[in-house]
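Reviewing the structure listed below.
Just so it is clear, none of the values below were taken in a lab; they were calculated from the coordinates. Every value quoted in this text rests on a predicted model; they were computed, and no experiment measured them. For neighbour counting, all protein chains shown are included, and Cβ atoms are generated from backbone atoms with ideal geometry for every residue, glycine included.
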Amino acid sequence: MSEQSVPVKQAMLKLIPNLRAFAVSLCGDIERADDLVQETLLKAWDHIDSFQEGTNLRAWMFTILRNTYFSDCRRRRREVEDDGSKAADLAVHPGQEGYLDMQDFRRALNVLPPDQREALILVGAAGFSYEEAAKISNCAVGTIKSRVNRARAKLTEMLGVSASSDFGPDSATESVVARAGIGGFRQS
Amino acid sequence: MRRLQGAATTVGFGGWGSIIMNERGERAGKRADGSLPENVSKQLHAHIGSQLRQMFDEVVQEPIPDKLKQLLEDLEQSNARPNGTGEA
């Protein structure tokens with residue numbers, strides 16, 4: 001129906017930057033992210049009748065995107081631990097303060113299990129409440145909270161390790177950090 | 001394993017190194033149970049939060065790729081009725 005198309009198109013257009021940011025944070029690869037966003041736009045458009053006007057379009061489209069991402073992961077049978085090397089090629093500006101910080105951070109984020117990474121991004125970066133994040137991820141609020149806590153703890157540990165080798169972390173974390181290339185560690 | 005040099009702490013690791021190491025060049029020591037001191041944990045958590053938002057916002061600020069804009073244009077056009085006004 002053409003009368004509805006224009007406002008729907010405008011609303012979706014405005015959401016594309018957010019969707020791209022979410023997709024990139026999830027998969028760590030800008031090309032794959034744009035493919036995910038493309039698929040999300042198509043699905044959202046096709047199923048716009050199932051969207052309840054007045055509810056949160058952003059949350060609805062984030063839900064479609066994360067479902068698309070997870071079924072794409074299952075299809076690809078990716079390993080959970082990505083070395084995140086592609087994430088480092090994203091919009092980073094060399095010479096900017098904190099350049100190496102951001103590279104390390106993206107790599108560390110990509111090492112997290114996807115459900116923890118997703119929860120952390122929804123709550124910590126995309127600005128959703130725990131309740132909204134739970135709806136998007138189709139799980140209980142308590143589950144989101146524990147995923148966020150575990151993600152934070154893991155990141156703290158990984159990034160704390162990279163900043164000081166004197167901390168003597170457990171060997172499991174150490175090998176993860178080394179393999180992910182965080183903080184300049186390389187597997188010998 | 002690469003040993004952390006004093007200079008590398010501030011140049012190589014920026015924010016992280018400056019949280020772990022204070023102005024006197026002393027490293028925050030781990031507690032007996034292996035955890036970091038609470039103030040260091042809190043700082044790391046805050047730093048993680050700002051890194052997350054910065055990473056997210058960097059992409060939000062990028063211009064929308066043409067192919068995605070075009071997709072929405074095409075979808076809108078395909079929905080227009082043949083005899084409709086289909087405002088662009």
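Observations, loosely collected:
- Footprinting exposure proxy ranking of A:Thr63, A:Thr40, fewest other C-beta atoms within 10 angstrom first, gives A:Thr63, A:Thr40.
- Cα-Cα separations in segment A:1-78 greater than 14 Å, expressed as whole percent: 61
- Inter-chain Cβ neighbour average for residues A:118-126, partner chain, 10 Å: 3
- Each Lys or Arg adds one and each Asp or Glu takes one away; over the other residues whose Cβ falls under 11 Å from the Cβ of A:Thr143, this sums to +2.
- Shielding by partners, peptide B:40-53 (average Cβ within 10 angstrom, other chains): 5
- Highest-first arrangement of A:137-149, B:63-75, A:102-114, B:44-56, where packing means the average Cβ count within 10 Å: A:102-114, B:44-56, A:137-149, B:63-75
- Per-residue mean of foreign Cβ neighbours for A:101-113 is 3 (Cβ atoms of other chains, 10 Å radius).
- Residue order, fewest to most surrounding Cβ atoms within 10 angstrom, among A:Tyr130, A:Tyr69: A:Tyr130, A:Tyr69
- Flagged links, alpha-carbon separation over 22 Å, of A:Lys43/B:Lys67; A:Lys135/B:Lys67; A:Lys43/B:Lys69; A:Lys14/B:Lys67; A:Lys43/A:Lys135: A:Lys135/B:Lys67
- Taking a sphere under 14 Å around the Cβ of A:Ser129 and counting the other residues whose Cβ falls inside, with K and R at +1 and D and E at -1, yields a net charge of +1.
- Shown for A:Arg58, A:Arg74, A:Arg117, A:Arg150: other C-beta atoms within 10 Å of each C-beta, ranked fewest to most, produce the order A:Arg74, A:Arg150, A:Arg58, A:Arg117.
- Net charge of the neighbourhood of A:Gln116, taken over other residues with C-beta under 11 Å away and scored Lys/Arg +1, Asp/Glu -1, is +3.
- For segment A:1-78, the residue among A:Met12, A:Gln52, A:Thr40 whose Cα projects farthest onto the positive side of the dipole built from Cβ charges is A:Thr40.
- Base-10 log of normalised Debye intensity for segment B:30-79 (one unit scatterer per alpha-carbon) at q = 0.15, 0.22, 0.28 Å⁻¹: -0.62, -0.83, -0.96
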